[in-house]
1. Any idea which of G142, G96, G166 is modelled with pLDDT of 90 or more and at positive phi?
2. Please go through (1) in contact (Cβ under 8 Å) with a residue 60 or more places away in the chain; (2) under 30 Å from G317 (Cα atoms); (3) under 18 Å from the mean Cα position of the chain (by Cα) for A423 and return the number of the only condition it doesn't satisfy.
3. Look at R211 and say whether it is within 22 Å of the chain's Cα centre (by Cα) and either part of a loop (DSSP other than H, G, I, E, B) or among the basic types (K, R) (or both).
4. Considering only segment 364-379, how many residues are under 22 Å from V400 (Cβ atoms) and either touching a Leu at 6+ places or on another chain (Cβ under 6 Å) or buried (at least 18 other Cβ atoms within 10 Å of the Cβ) (or both)?
5. Can you spot a residue in segment 189-196 that is under 20 Å from S421 (Cβ atoms) and at pLDDT below 95?
6. Filter segment 380-420 for residues that are over 30 Å from K362 (Cβ atoms) and among the aromatic types (F, W, Y) and give the result.
7. Quick one: which strands (runs of 3 or more DSSP E) lie wholly within segment 78-137 and hold at least 2 residues that are closer than 19 Å to W157 by Cα, of a type in the set (S, T, N, Q) and free of Cβ contacts under 8 Å to residues at least 40 places away in the same chain?
8. Looking only at segment 327-363, which residues are of a type in the set (G, A, S) and farther than 15 Å from A423 by Cβ?
Amino acid sequence: MRQLPAALALVWVLGLAAATDAQEQAGAATPAREPAAPEGIAEPAPPEGIAEPTKDLFDVLRQIRHKPEPPPPGPEDYRKWMVALAPVLTYGPTSGFGLGFAGNMAVFAGTPSTTRISSIVASVTATTKEQVLVNAKINSSGKDNRRHFEGDNRLYWTSQKTYGLGTGTAEDAAVDQKYDYFRFYETYYSKLARHTYLGGGFLYSDHRDVRPADDEAEAAWPTSPYLAYSEKYGLDPEAQASAGLSLNALFDSRDGPINPSRGVYANLVYRAFFEDFLGGASSWQQLSYDGRGYLRLTRDARHRLAFWLSGDFVIAGRAPYLDLPATGMDTYGRAGRGYPQGRFRGDRLVYGEAEYRWTVTKNGLFGMVAFLNAQTFGSEEAGEDLFESFAPGAGVGFRVTLNKRSQTNLCLDIGRGKDGSQAVYFAVQEAF
């Protein structure tokens with residue numbers, strides 16, 4: 001783990017050398033002002049104490065290659081796509097080391113003074129644990145923020161350890177299983193009032209070819225929590241799908257979804273899944289909330305606090321085991337830093353996190369974060385109530401600005417949890 005930051009830095013530089021031309025062709029290398037605040041939010045005051053213009057890695061690469069400065073931005077430059085793409089070396093406690101491509105594309109559908117920035121975060125990775133992971137996460141706002149769309153799309157040929165239900169499960173109880181996972185969560189919102197939206201979504205989650213990952217897992221498979229749960233509720237252990245619809249209410253006053261420095265995000269979701277609908281294994285319902293707040297500690301926003309509180313509750317029916325609320329199964333897979341994905345699982349989940357964010361250099365190129373989080377699960381099967389036990393986590397992270405126009409960061413986080421759990425995470429874009 002000590003060699004990981006150096007390896008990542010090398011891959012970033014190599015990838016950015018190849019990506020610079022693509023960014024310039026897309027018009028994304030143009031230096032620009034901080035994107036204007038969305039509708040209803042005052043323009044930020046000029047940053048204090050910053051003598052140099054904001055820089056990103058493309059500026060650094062341009063200086064190394066002795067490339068001339070691009071021309072000043074024009075009035076229509078907001079229409080140009082902001083592209084950040086590079087080959088990456090990744091590491092995760094669930095996936096091991098991986099090699100692939102990751103990137104972020106961002107654009108304004110309307111003038112930045114009235115329209116929130118839209119982004120697509122995508123990656124394709126192959127890992128040392130024989131996994132292939134394809135992600136495409138969409139956060140899009142229409143002109144003048146009249147419409148909003150979110151998409152969570154995953155194509156995984158993967159594996160994951162399962163530990164049983166509840167927050168009190170033991171580390172040595174893990175059973176490693178392989179499966180193919182295909183997820184399409186698409187949600188459309190229409191504006192009702194200032195910052196307020198109402199929407200609906202289509203939901204599809206499918207776990208196929210579920211099987212033991214190795215000989216050790218095969219020996220433990222007959223008594224594994226996954227198999228016991230599936231047999232008890234009449235679910236096919238080899239394949240389980242959930243398909244349904246959602247109702248969504250959203251309030252979003254943030255100054256941007258990629259790297260917010262102020263504002264509030266609040267989302268309330270009711271999901272209904274139906275047996276036999278697109279192969280759904282059971283009928284069940286879920287209620288979820290997601291609240292986030294951002295506070296500037298200094299006028300120039302170089303010091304900030306971010307807060308996150310979320311919950312997922314199965315309120316009726318029986319969800320397939322792998323669709324139960326679990327650690328790190330949020331849209332961007334960033335909750336529960338300090339633990340591997342799927343470390344805890346249950347019918348009910350409450351999660352909270354606080355993060356301090358610091359822009360270290362005056363030109364905005366480098367930053368750091370420090371975070372604290374905690375999660376608690378309730379499980380009827382395990383006889384455990386919410387808040388009966390907790391799994392805390394903490395850690396630090398390092399940031400490099402990849403694209404200054406979209407304020408996209410490359411993120412490297414190191415987290416620790418209870419019972420000696422530790423994990424390293426590499427990602428494009430902030431955790432929340």
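1. Values: G142 fails: at positive phi; G96 fails: modelled with pLDDT of 90 or more.
Selected residue: G166, the only one of G142, G96, G166 that is modelled with pLDDT of 90 or more and at positive phi.
2. Only one criterion is unmet by A423, namely (2).
3. Numbers: within 22 Å of the chain's Cα centre (by Cα): no; either part of a loop (DSSP other than H, G, I, E, B) or among the basic types (K, R) (or both): yes.
So R211 does not fit the description; no.
4. So the first thing to find is which residues in segment 364-379 are under 22 Å from V400 (Cβ atoms), and the list is 364-371.
When the remaining residues are screened for being either touching a Leu at 6+ places or on another chain (Cβ under 6 Å) or buried (at least 18 other Cβ atoms within 10 Å of the Cβ) (or both), the result is 364-365, 367, 369, 371.
Adding up the residues that qualify gives 5.
5. First, pick out the residues of segment 189-196 that are under 20 Å from S421 (Cβ atoms): none.
No.
6. As a first pass, look at segment 380-420 and keep what is over 30 Å from K362 (Cβ atoms): 380-393, 416-420.
Residues satisfying the conditions are F387, F390.
7. On the way: elements: 82-92, 96-107, 118-127.
Because the criterion is at least 2 residues that are closer than 19 Å to W157 by Cα, of a type in the set (S, T, N, Q) and free of Cβ contacts under 8 Å to residues at least 40 places away in the same chain, the strands (runs of 3 or more DSSP E) in segment 78-137 that meet it are 118-127.
8. Residues of segment 327-363 of a type in the set (G, A, S): 328, 333, 335-336, 338, 342, 346, 352, 354.
Within segment 327-363, G346, G352, A354 qualify.
The values are calculated or read from the model by the stated rules, or taken from the named source; none is laboratory data. All values reported here derive from a predicted model rather than from experimental measurement. Glycine gets a Cβ as well: all are built from the backbone with ideal geometry, and neighbour counts include every protein chain shown.
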